Amino acid sequence: MNSIMETICAICSKVRDGTKTGLSFQKLLNKIRKEFKLNNIDLKIRSVRDRTIGEEVFYLTGYYDPEDDQNNDIPIELIITHNFDKNEVWYGEHSTQLLIQIFDTVVHELKHQRQFQKRKYRNGIIRSDDHKEYLADPDEIDAYAVSIAIELCRSLGKSRALRYLHNIDAISRYKLNNRFVSSSLSMYRAEFPEPYNLTMRSLTKKIYVRLMKVDTDCIFM
């Protein structure tokens, strides 16, 4: 994944550089779409305003559709949920937080794309509406291992993350600046708190493999 991560990191860095003098949210989204497309990564990106959340809050969800991929349609969609004015001007520091989420989400969804393409779109698992079953899906364990390795490298550094990984319970609860060092790992532990849980054991092994392989220079920060 390092090569694709390097590409996405470069895209996000270029977009951030373009916000030094400020961009409206809509122009920022247009710039993100353009830069990804120039690098042969087409994304559907849309925003949804949710007035029930704080004005400074936003979060991103992503979806990969293997059927769209087979039909040569755009297979990855990003949805940005927020509650701020569309004319708000974004600068480097603000845009960095959005671009971090975009980096992490696109890498995660491209991992799913590789999974389906590798098996020629056969034997895909039907996604469960049950969150616990969804997280236990082998495809999700594989993709989230990448996501968690990225989050741990960003918050702790690679060497420190590897040292702490032997105690998955502790690291899943560990916070810096009042934030989990890996929100994805914390989510998994909340769903699978049982000692010696098979899903957590499988996830931990895959996180270790990903940490060993990841090039931290390819992670957008």
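Among the lysines, which have Cα under 19 Å from the Cα of LYS206 when same-chain residues fewer than 8 positions away are ignored?
LYS111, LYS118, LYS132, LYS158
Near LYS27, which lysines are there with a Cα under 18 Å away, not counting those fewer than 8 places off in the same chain?
LYS14, LYS37, LYS44, LYS86
Among ASN178, ASN197, ASN167, determine the one that fluctuates most according to a GNM of the chain built with springs between C-alpha atoms less than 10 Å apart.
Among ASN178, ASN197, ASN167, the largest mean-square fluctuation in the Gaussian network model of the chain belongs to ASN178.
With axes computed from alpha carbons, what is the tilt in degrees of helix 198-213 against the longest principal axis of the chain, rounded to the nearest 10 within 0 to 90?
Its long axis makes an angle of about 60 degrees.
Might you report the magnitude of the Cβ-based charge dipole of the chain about its Cα centre, with Lys and Arg at +1 and Asp and Glu at -1, to the nearest 20 debye?
Computed about the Cα centre, the dipole is about 660 debye.
Taking the Cα centre of the stretch 1-115 as origin and charging only Cβ (+1 Lys, Arg; -1 Asp, Glu), how large is the dipole, in debye to the nearest 20?
Using Cβ point charges on Lys, Arg, Asp and Glu, the stretch 1-115 gives about 400 debye.
Could you pull the Rg and Dmax for the stretch 120-221, using just the Cα atoms, both in Å?
13.7, 44
I need the shape label for the stretch 10-52. Rule: rounded when a/c is under 1.5, else prolate if a/b > b/c, else oblate, with a, b, c from the alpha carbon gyration tensor.
Taking the square roots of the gyration eigenvalues as a ≥ b ≥ c, the stretch 10-52 is oblate.
So what is the relative contact order of the stretch 131-216, in percent, for Cα pairs below 8 Å that sit 6 or more residues apart?
With pairs under 8 Å counted, the relative contact order is 42 percent.
Most exposed first by the Cβ proxy, i.e. fewest other Cβ within 10 Å, how do VAL106, VAL214 rank?
VAL214, VAL106
Return, for the Cα atoms of the stretch 2-97, the radius of gyration and Dmax in Å, separated by a comma.
14.2, 40
Would you mind checking the tilt of helix 92-118 against the longest principal axis of the Cα atoms of the chain, expressed as 0 to 90 degrees and rounded to 10?
60
Quick one: ARG16, ARG114, ARG122, fewest Cβ neighbours within 10 Å first, how do they rank?
With the sparsest Cβ surroundings first, the list reads ARG122, ARG114, ARG16.
What longest region of the chain stays clear of chymotrypsin sites (Phe, Trp or Tyr not before Pro) that DSSP places outside H, G, I, E and B and that have at most 14 other Cβ atoms within 10 Å?
1-90
Which of the listed residues, TYR208, VAL89, GLY54, is farthest toward the dipole's positive end in the chain, when Lys, Arg count +1 and Asp, Glu count -1 at the beta-carbon?
TYR208
All of the numbers you see were taken from the coordinates with simple rules; none came from a lab. Just so you know, these numbers come straight off a predicted model, no measurement behind them. As a convention, Cβ positions derive from the backbone with ideal geometry for all residues, glycine included, and neighbour counts pool all protein chains shown.
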